[in-house]
Amino acid sequence: MKIAIVGPGAMGLMLAARLKQAGAEVSLLDHRAQRAQIIDRQGVFLEHPQGEDHYAIPASAQPEILAGVDLAIICTKAYHTQEVARALRAHLGPQARALTMQNGAENVETLVDALGPERVLGGITSEGATLLGPGQVRHAGRGLTHIGPAQGPVDDFTAQVLELLLAAGFQAEASEGVQNLIWTKLVINVGINPLTAILEVPNGRLLELAPAGEVMAAAVEEAVAVGRALGVRFLHEDMLASVQQVARRTGANISSMLQDVRAKRRTEVAYINGAVVRQGEQAGVPTPVNQTLTHLVQAKEAGYLG
Ligand code: PAF
């Protein structure tokens, strides 16, 4: 299978390396030309508990590299999805599909608007990857990966992608009802990411700070209420227990949102807690805690972005 990974961040690089190892023909698309050049010249270095591997993977900032691939896997920040969707629409072949592995609730819709529902898949993963530098990634924690088509039952194409993920060593499953997957992951990010970014603590610390636990519980309860009002069936009955379990399992991790704050980058809060607020307005479910968390993280951002 010919695959373009869009966005060589931690997740994009880790997937690129593992899929290449499994025999796929992989390339990388980056919006930053200089970084793309470095990766194109040096390849991708994957650090893992058994050592380090190196893969030669072509990288480019030219969206023309999307032509001729069977699948584009989107791993960019959620605030780039509109721009990515336009590039996919202009350059992907008519049979090619897009799989979003991004954080946030609205990426599938954006891709469906650009490509049509039959060409979009969504997925979530709890694999732990840390960006070490351009083209350099550490694959530390192993987790579960789920994918599914944007509409309808699991089809042949989704099954082929699943086979490839399994061949690449991922513990993966395919199922229908991709919104159920995406909202399950969203609620985990809703409970962990803004609090770690505001308090500047690793994920596990949230479980030791009782007042933070209260806010986490309230934010998660709101997000679950919004999801249920939209018809989402969560993968776990007790979502707060799942959020706490992820915080425990990834206890030493610095969440992606705190990594963004530390690097003085824009965060994804508008697509995580902000998405709960937007979808809550539509569903008629109040979300004051998620609104407050969104504002607090955005106030932090304003402090360094201006
Ligand atoms: O965004 C993140 O950092 C991760 O999705 C998670 C699960 C919160 C672990 O750090």
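Taking the Cα centre of segment 2-176 as the origin, how large is its charge dipole in debye, to the nearest 20, when only Lys and Arg (+1) and Asp and Glu (-1) carry charge on their Cβ atoms?
The calculation lands at about 500 debye.
Across 10 Å bins from the origin, how do the percents of Cα pairs in the chain run, short distances first?
Over the chain, the share of Cα pairs per 10 Å bin runs 6, 28, 37, 23, 5, 0 percent.
Using packing as a proxy for protection, rank 228-240, 116-128, 268-280 so that the peptide with the highest average count of other Cβ atoms within 10 Å comes first.
Result, highest mean first: 268-280, 116-128, 228-240.
On alpha-carbon atoms, Rg over Rh for segment 180-305 using Kirkwood Rh?
0.95
As an exercise, use a Förster radius of 41 Å and the Cβ-Cβ distance of GLU200 and ARG32 to find the FRET efficiency, rounded to the nearest 0.05.
0.95
Would you please put 77-89, 150-162 in order of how densely packed they are, using the mean number of other Cβ atoms within 10 angstrom per residue and starting with the highest?
Top of the packing list down: 77-89, 150-162.
Between ARG142 and LEU305, what's the calculated FRET efficiency when r is the beta-carbon distance and R0 is 45 Å? Round to 0.05.
0.85
Relative contact order, percent, of segment 2-176 when contacts are C-alpha pairs under 8 Å separated by at least 6 residues?
With pairs under 8 Å counted, the relative contact order is 22 percent.
Taking the inverse of the average 1/r across all pairs of different Cα atoms in segment 2-176, what Kirkwood radius in Å do you get?
15.8 Å
Once the whole set of protein chains is in place, how much accessible area is left on ASP70, using a 1.4 Å probe, in Å² to the nearest 10?
60 Å²
Residue separation times 0.36 nm, minus the C-alpha to C-alpha distance between GLN21 and GLU214: what's the value?
That works out to 65.1 nm of additional length.
Find which of MET1, PRO117, ALA197 sits farthest along the positive direction of the dipole of the chain, computed with +1 on the beta-carbon of Lys and Arg, -1 on that of Asp and Glu, about the Cα centre.
Farthest towards the positive pole: ALA197.
In percent, how large is the relative contact order of the chain, given Cα pairs closer than 8 Å and 6 or more residues apart?
Computed over the chain, the figure is 15 percent.
If a helix is a whole DSSP H run, which ones in the chain reach 24 Å or further along their own axis (Cα) and hold a mean Kyte-Doolittle hydropathy of at least 1.0?
178-199
Which distance in nm do the two modelled labels at HIS80 and GLN282 give, with both placed 7 Å along the Cα-to-Cβ direction?
Taking the two extended label points, one gets 2.5 nm.
Per residue, how much accessible surface does the chain expose to a 1.4 Å probe? Answer in Å², no decimals.
44 Å²
Over the chain, what percent of the accessible surface lies on carbon and sulfur atoms, probe 1.4 Å?
Result for the chain: 50 percent of the exposed heavy-atom area is carbon or sulfur.
Give the cross-link partners of LYS77 among the lysines, using a straight C-alpha distance below 21 Å as the criterion and excluding same-chain residues fewer than 8 apart.
Of all the lysines, those that pass the test against LYS77 - Cα under 21 Å, at least 8 places apart if same chain - are LYS185, LYS264, LYS300.
Could you check what % of the DSSP bridge pairs in the chain are antiparallel, to the nearest 5?
35 percent
The values are calculated or read from the model by the stated rules, or taken from the named source; none is laboratory data. Bear in mind the structure is a predicted one, so any value in this text is a computation, not a measurement. As a convention, Cβ positions derive from the backbone with ideal geometry for all residues, glycine included, and neighbour counts pool all protein chains shown. With ligands, DNA and RNA removed, areas are computed over all heavy atoms of the protein, side chains included. Shrake-Rupley method; radii C 1.70, N 1.55, O 1.52, S 1.80 Å.
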